[in-house]
Amino acid sequence: MADNLILEDAKMPERPDFSKHANQAATAPAFFAAHDIHAYYGESYIVQGVSFNIHEGEILALLGRNGAGKTSTLRAIARTGSPLVTHGEIWLDHQPLHRMKSYEAAQHGLALVPEDRRIIQGLSVEENLQLARIAPGLGWEIERVYELFPRLGERRKQEGVTLSGGEQQMLAIARALVRDIKLLLLDEPYEGLAPVIVDEIEKTLNIIKAQGITTVLVEQNALRALALADRAVILDTGTVVFDGSAKEVLDNEDLRHEYLAI
């Protein structure tokens, strides 16, 4: 009996369970819904049954520690082919993105701004924007973009890859806005930027929200992302462990410590 008591005392404390709000993709109405998404890089099982939804015009912060599957989830939603989605459904404004290739999803209003921004070398700021407007499905006029980002207007003839990091991030977002988009996916938009530039990006995202564009924000600076977002989804090892309001995360120290280390 004494040995059993020692074993009981030696048990590790149970891991907190914050999943009571998780996997709300079935709730309606949802403008965007990912349901039971599974995706792989080769044999590596990265996205393990992720489900969440977003209402039109919301900003959703997709959070988690490094390696939690955040970027992989964005890429799966964007239909990039890497990771390879093997199961699940992805819906945007009643359109089945899971049946589409990446360019088709883009034509239906999805835009991914990746972490590396992918500014096209050899093209000026304006040429990068003009190239994005070649295909049908046009969004903002270029002059309207310059009103939002005056720095880009000042540097319209400058080669895009020679801009500062913050200016390149502005150009990457502007390139999405000149398309007719419904869902904007942003991967680490604050990375490497000075706080004053982050402030500018946040002001831009609020303007975008006011235009009715729905946004998913993946960001390591979780506190800044939560202050901006309406809702938060937290991933851990490729699964959803929390789905609720951003305020709930800000108010729950145990949750933040367990999954965000803040």
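The values are calculated or read from the model by the stated rules, or taken from the named source; none is laboratory data. Nothing here was measured: the structure is a model prediction, and the numbers come from that model. When we count neighbours, we look across all protein chains shown, and the Cβ atoms used for this are built from the backbone with ideal geometry, even at glycine. For accessibility, only protein heavy atoms count, side chains too; no ligands or nucleic acids. Shrake-Rupley method; radii C 1.70, N 1.55, O 1.52, S 1.80 Å.
Go through L186, L193, L223, L131 for me and flag whichever is under 20 Å from the mean Cα position of the chain (by Cα) and closer than 30 Å to H94 by Cα. Unique residue meeting the criteria: L186. A single entry from T73, T80 fulfils the requirement of being without any contact (Cβ under 8 Å) to a residue 40 or more places away in the chain and β-branched (V, I, T): T80. Within the range 138-158, the residues that satisfy the criterion of being touching a residue at least 40 places away in the same chain (Cβ under 8 Å) and surrounded by 13 or more Cβ atoms within 10 Å (Cβ to Cβ) are G139, L148, F149. Within the range 90-117, residues that are within 17 Å of T214 (Cα to Cα) have Cβ atoms under 7 Å from residues that are open to solvent by 30 Å² or more (accessible area, probe 1.4 Å) and assigned to a helix (DSSP H, G or I) in these pairs: I90/H98, counting only partners at least 6 apart in sequence or on another chain.
Among residues belonging to the range 88-131 that are among the small types (G, A, S) and open to solvent by 20 Å² or more (accessible area, probe 1.4 Å), point out the one that is farthest from Q48 (Cα to Cα). In this case the residue turns out to be G122.
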